[in-house]
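Each remark here refers to the structure printed beneath this line.
Throughout, read-outs are computed from the coordinates displayed, never taken from laboratory work. Predicted, not measured: the structure shown is a model, and the values here were computed from it. Because the Cβ atoms are built from the backbone with ideal geometry, glycine has one as well, and the counts that use them run over all protein chains shown.
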Ligand code: UT7
């Protein structure tokens, strides 16, 4: 059966220049490099400088993606930005990116699904393409999580970072089977009954019941990767790369174990980037792409869970 697939034809990313190490944090709050590294796998994170915004990060990442694919901004049919930290309540980051890049006045909007935001945005874009409503969509995950940190809460302020990643999705003809290039299946979930275990407080700062989130992340990721395998009628040894949301190396290891995948097939950037929410997957993807790890035709599994709870996964042939 002929179908329209969405192929990842370019990637880009951007990290703000300011680097904050665990030792830097230990000067500010009662913590240590040893605790942060052991519990989360994080060693450092990037943070925006004075006056630098989520939109600035998004524009840098988008420009890098367009440059890597030699793509003319005039050919972009739509822009979707996954972010929880827009510079303003409105207008969206997406419209500002559109204006800055000189893209045509086609659709542009933000999606807010926190750490699952990029998986939600990529799924949404692929459905627009499958419905023939767009041919080339720029999908960005961009966050300034540092703006939401409570520096009196050592249980959360050590875990997050800032950054942005972008991909260009392009329509391509497929046969409707597992050999097609592009997004092969999308799996999205949310359960608002768990909204209070990870949220912002009255001062717009993060509060999290870390142990609960950890438990749900491990369980939901184990269930959703099973669902992806079943839906596509594949076994985990057919997956070339796992590119998970980068919140905690122990959550990532648990998912890899569930898939029986060696860590060599898992893209891990949490040590250097920390948790950049919706930006973490496209950052990890671009880093793996630029390191020459990803080859056209390889199968990649993306998965993420975050506040909401919201979670999801995508199977993509690169
Ligand atoms: O991206 C959205 C999804 N978010 C996540 O996936 C995060 C999920 N959760 C986690 O990653 C982990 O639960 C954390 C990294 C947040 C915490 O790890 P944990 O192994 O669950 O530690 P814990 O919360 O049980 O804390 C253990 C101890 C506590 O001390 P006591 O009560 O045992 O004396 C904490 O007070 O570590 C203490 N602690 C710290 N110590 C030094 C908590 N934060 C810190 C800190 N530095 N920054």
Distance between the C-alpha centers of region 198-227 and region 104-167? Whole Å please. 17 Å
Relative contact order in percent for region 123-192 (Cα pairs under 8 Å, 6+ apart) equals 34 percent
Tell me, what are the semi-axes, in whole angstrom and largest first, of the equivalent ellipsoid of the chain as set by the roots of 5 times the Cα gyration tensor eigenvalues? 29, 23, 17
Which whole-number percent gives the relative contact order of the chain, counting Cα pairs below 8 Å spaced six or more residues apart? 26 percent
Could you compute how fast region 138-210 diffuses translationally, taking Rh as the Kirkwood radius over C-alpha pairs and applying Stokes-Einstein at 25 °C with viscosity 0.890 mPa s? Give it in µm² per second. 155 µm²/s
Could you work out, for region 194-279, what percent of all Cα-Cα pairs fall into each 5 Å distance bin, beginning at 0 Å and stopping at the bin that holds the largest distance? 3, 13, 21, 22, 19, 11, 7, 3, 1, 0
Computed [θ] at 222 nm, helices only, for the chain once each DSSP H run of length n ≥ 4 contributes -39500 (n - 2.57): -9500 deg cm²/dmol
Indicate the gyration tensor shape class of region 239-318 (rounded, prolate or oblate), computed on the Cα atoms with a ≥ b ≥ c the square roots of the eigenvalues: a/c under 1.5 is rounded; otherwise a/b larger than b/c is prolate and the rest oblate. rounded
Quote to one decimal, in nm, the extra length available between residue 211 and residue 17 on full extension: 0.36 nm per residue of separation minus the C-alpha distance between them. 66.7 nm
Taking 41 Å as R0, compute the FRET efficiency from the Cβ-Cβ separation of residue 74 and residue 35 and round it to 0.05. 0.25
Alpha carbon centroid spacing (whole Å) that separates region 261-318 from region 32-72: 14 Å
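What fraction of the DSSP beta bridges in the chain is antiparallel, stated in percent and rounded to the nearest 5?
75 percent
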Return 208, 221 ranked ascending by Cβ neighbour count within 10 Å, so the fewest neighbours appear first. 208, 221
Can you pull the one-decimal nm distance between simple spin-label points at residue 155 and residue 185, each 7 Å off the Cα toward Cβ? 3.6 nm
Within region 3-174, what percent of beta bridges assigned by DSSP are antiparallel, to the nearest 5? 70 percent
Stretched out fully, how many nm does the piece from residue 24 to residue 199 gain, at 0.36 nm a residue minus the Cα gap? 60.4 nm
